[in-house]
Amino acid sequence: MKMIKSFMWSMLIMSLYLWGSSQAYDFYVGGRDGWVLNPSENFNHWAERNRFQINDTLIFKKGSNDSVLVVTKEGYNKCDTSSPLERIDGGDLKFKFDRSGPFFFISGDQCSCEKGQKLIVVVLALRHHAKRTPPAVSPSPPIATPPTGLTAPVPAPWTSLPPTSTNGGSNHGSAPAPSPSSSSLLALASHGYLLVLASAIVCLF
C-alpha cells in the first residue's frame, strides 16, 4: 500500500510540472498596430504590460518586407545589423522563447531601428504556483456617453463576420488580438486529469 501511495504522489507531482510548463501564449508584438514604424504605443511599453515565460511565442506582424534580428544588448543600443545572433525572415515572423532572461530585437533595416523599431523582452522563469493570465490587449479608445436627457440609439443586432485569411504575409489588416496557443487547451485537459489523480490519492488514505 505504501508503494502505491508513493507512486501516486510521484505521478501527481510530475503531472503538476507538465501542466505548469504547458501554458504557453502567442504575443502579437505591438498589439493591433503590429511591427511597424511609429506605432501608437512604444514597443517597450507594450512589453512591460505583458508577462513572458519560456515557450511563449512572439509574432511580428509587419507591413513591409522586413526582417527581425535577435541581437546582443550592445547590438540593440547601436542598432548594429551586421552580426545578429539570429535572423527571422518570412511572412509572419515568429520567435519562441527557450530560456529565461532578456531578449533584444531590432529591425533588419538599420534606419528603421534608429527610428525606434526595436524591442526588449524579459522572460520570467517558470513558477508553477502562480496562475498565468492571457496577454494584455491594447487599450481601446474611451466610449462617449450621450448627454443627459437624450436616449441612446438602439444598436443593430450583431452578426458575426467570416474569419479573414492569414495565408502568408498578404494580410495587411490589423493584427488579431493575442490568444492562447493550442498548448493552453491541452492544459485544460491536464487540469481535469490532475483532479482525478488527486481524488484517487485521497481515496487511498
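All of the numbers you see were taken from the coordinates with simple rules; none came from a lab. Here the structure is a predicted model, which means the values were calculated and not measured. FYI the Cβ positions are ideal-geometry reconstructions off the backbone, even for glycines, and counts take in every protein chain you see.
Numbers for the structure displayed
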read-out: Karplus-derived 3J(HN,Hα), 6.51/-1.76/1.60, for each residue of the stretch 45-50, Hz, glycine and proline x; value: 5, 4, 5, 5, 7, 10
read-out: 5 angstrom amide H check on V123, placed H, neighbours 5+ away; value: G101, F103
read-out: For the stretch 26-97: rounded, prolate or oblate by the Cα gyration tensor [a/c cutoff 1.5]; value: rounded
read-out: Placed amide H near K61: partners under 5 Å, 5+ positions off or other chain; value: V29, W35
read-out: Cut-off under 5 Å, modelled amide H: who pairs with S67 long-range; value: G108, D109
read-out: Distance between modelled label sites at I54 and D89, nm, 7 Å Cα→Cβ extension; value: 3.1
